[in-house]
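J.: Have a look at the structure that comes next, please.
The values are calculated or read from the model by the stated rules, or taken from the named source; none is laboratory data. Bear in mind the structure is a predicted one, so any value in this text is a computation, not a measurement. Every residue, glycine as well, gets a Cβ built from its backbone with ideal geometry; the counts of neighbours run over all protein chains shown. Only protein heavy atoms, including side chains, enter the accessible area calculation; ligands, DNA and RNA are left aside. Shrake-Rupley method; radii C 1.70, N 1.55, O 1.52, S 1.80 Å.
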Amino acid sequence: MTLFRLDGKRALVTGGSRGIGLAAAHDLIRLGARVTLAARHEDTLKTAANAIGAQWVVADVSTPEGVAAAVTKAGDVDILVSNAGGPPPGKPSEVSEAAWQAGYDTTFLSAVRLANAVLPGMRQRQWGRIIAITSLTVGRPAPTLPVSNAMRAAVTNYLKTLALEVAPDGVTCNTVAPGYTATDRLKALHDNPADTDKLIARIPARRFGQPNEVAAAVAFLATVEAAYMTGQELLVDGGWSI
Ligand SMILES: NC(=O)c1ccc[n+]([C@@H]2O[C@H](COP(=O)([O-])OP(=O)(O)OC[C@H]3O[C@@H](n4cnc5c(N)ncnc54)[C@H](OP(=O)(O)O)[C@@H]3O)[C@@H](O)[C@H]2O)c1
């Protein structure tokens, strides 16, 4: 028996044009899946999709229209990787209502809408993998990322609850929680070399993670072999949360 193949499966990866989403999409393609990438900016998206042999669709998944466009382009989605955004930093007491709403739409509601859109087909086929990228901040809230802390926790418990409902249908729901991972988002949040050194010193592995290291966890959860694993949070954080 060949292990860990995804031939014949279709995957949709949102936030797939760079960083963790792109690395996850690349791994799914290597395992044989047909993958559609969704993101907002066409240039980066098209280049990324062509580089790994994926389909692409310009879609802002913070809106119902964007979710519909992404799912329509992807076709019968067997594997959903919900990964968009990354709310901006701020002081918890100073986050505006607009920023809370934007975080809710982009990080939480997108995961719910995407899952609702792909679930009927997954149930019909009695096979599905719903995976959301969250963050190490679910277990240990980062002082300056209030919106991310709250929305990732909401996604985590939403998917655990959904997992209970859809387990009899052969659909699993899990989250992958990255630690500090070397992507554009990390560069934007930590651009000061002195701060970066301090941060790395606190990570047991003494380095940032690489997108492909998070992608490997996503790919595993997508496989046939991971069928009995549902409602789980898989941390990929170099030991930060120990
Ligand atoms: N890197 C880390 O250290 C780290 C740690 C913990 C958690 N995370 C989380 O992991 C996820 C991926 O992080 P990353 O570091 O890979 O981020 P990234 O490099 O900034 O990439 C973000 C991706 O999401 C897309 N995107 C953003 N908003 C979108 C929207 N509304 N609709 C559709 N696509 C959208 C971006 O493309 P467009 O801009 O073209 O839309 C891009 O493809 C994020 O949710 C992040 O918060 C990251």
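J.: How large is ³J(HN,Hα) for each residue in the range 106-123, as worked out from phi by the Karplus curve 6.51 cos²θ - 1.76 cosθ + 1.60 (θ = phi - 60°), to whole Hz, x for Gly and Pro?
T.: These are the phi-based 3J(HN,Hα) values: 6, 9, 8, 5, 4, 5, 5, 4, 5, 4, 4, 6, 9, 4, x, x, 4, 5 Hz.
J.: Counting only residues 5 or more places away or on other chains, whose amide H sits under 5 Å from the amide H of residue 176 once H atoms are built in the peptide plane?
T.: Hits under the 5 Å cutoff: 132, 133, 134, 234.
J.: Using a 1.4 Å probe on the protein chains only, how many percent of the accessible area of the range 95-212 belongs to carbon and sulfur?
T.: 56 percent
J.: HN-Hα J couplings of the range 170-182 from phi, Karplus 6.51/-1.76/1.60, θ = phi - 60°, integer Hz, Gly and Pro as x?
T.: My calculation for the range 170-182 gives x, 10, 9, 10, 9, 10, 10, 10, x, x, 5, 10, 5 Hz in order.
J.: Let me ask something else about it. If N is the number of residues in the range 175-232, what value comes out of its Cα radius of gyration divided by 2.2 N^0.38 Å?
T.: 1.40
J.: Hey, how many Å between the Cα centroid of the range 104-158 and the Cα centroid of the range 185-202?
T.: Comparing the Cα centres of the range 104-158 and the range 185-202, I get a distance of 26 Å.
J.: Let me ask something additional. For the range 160-205, what is the convex hull volume of its Cα atoms per residue in Å³? Numbers along the way, then the final one.
T.: Working: hull volume 5.6 nm³, N = 46.
So the per-residue Cα hull volume is 122 Å³.
J.: Could you give the accessible area per residue of the chain, probe 1.4 Å, as a whole number in Å²? Mind showing how you got there, number by number?
T.: Details: 11460 Å² over 242 residues.
About 47 Å² of surface per residue is accessible.
J.: Among the lysines, which fall within straight-line cross-link reach of residue 9, defined as a Cα-Cα distance under 19 Å, with same-chain neighbours fewer than 8 residues apart omitted?
T.: Hits, sequence-local ones excluded: 73.
J.: Report ³J(HN,Hα) in whole Hz for each residue of the range 29-41, in order, from the Karplus equation J = 6.51 cos²θ - 1.76 cosθ + 1.60 where θ = phi - 60°; Gly and Pro get x.
T.: 5, 4, 7, x, 6, 9, 10, 10, 9, 10, 6, 8, 9
J.: Still on this structure: Over 31 Å between C-alpha atoms is what I'm after, so list which of 91/187; 46/160; 91/198 land there.
T.: Listed pairs above 31 Å: 46/160.
J.: Now a separate question. What 222 nm value per residue comes from the helices of the chain, counting each DSSP H run with n ≥ 4 as -39,500 (n - 2.57) and dividing by all residues, nearest 500 deg cm²/dmol?
T.: Rounded to the nearest 500, it is -13500 deg cm²/dmol.
J.: Now for a separate question. With contacts defined as alpha carbon pairs under 8 Å and 6 or more residues apart, what's the relative contact order of the chain in percent?
T.: Across the chain, relative contact order equals 21 percent.
J.: Another question, if that's okay. Summing Lys, Arg as +1 and Asp, Glu as -1, what charge do residues with Cβ under 13 Å from the Cβ of residue 239 carry, residue 239 excluded?
T.: +2
J.: State the percent of C-alpha pairs, over all pairs in the range 92-242, separated by a distance greater than 25 angstrom.
T.: Details: 3834 of 11325 pairs.
Summing the P(r) of the range 92-242 above 25 Å gives 34 percent of all pairs.
J.: Still on this structure: In percent, how large is the relative contact order of the range 98-223, given Cα pairs closer than 8 Å and 6 or more residues apart? Before the final figure, lay out the partial values.
T.: Details: 124 pairs, mean separation 33.8, N = 126.
Here the relative contact order equals 27 percent.
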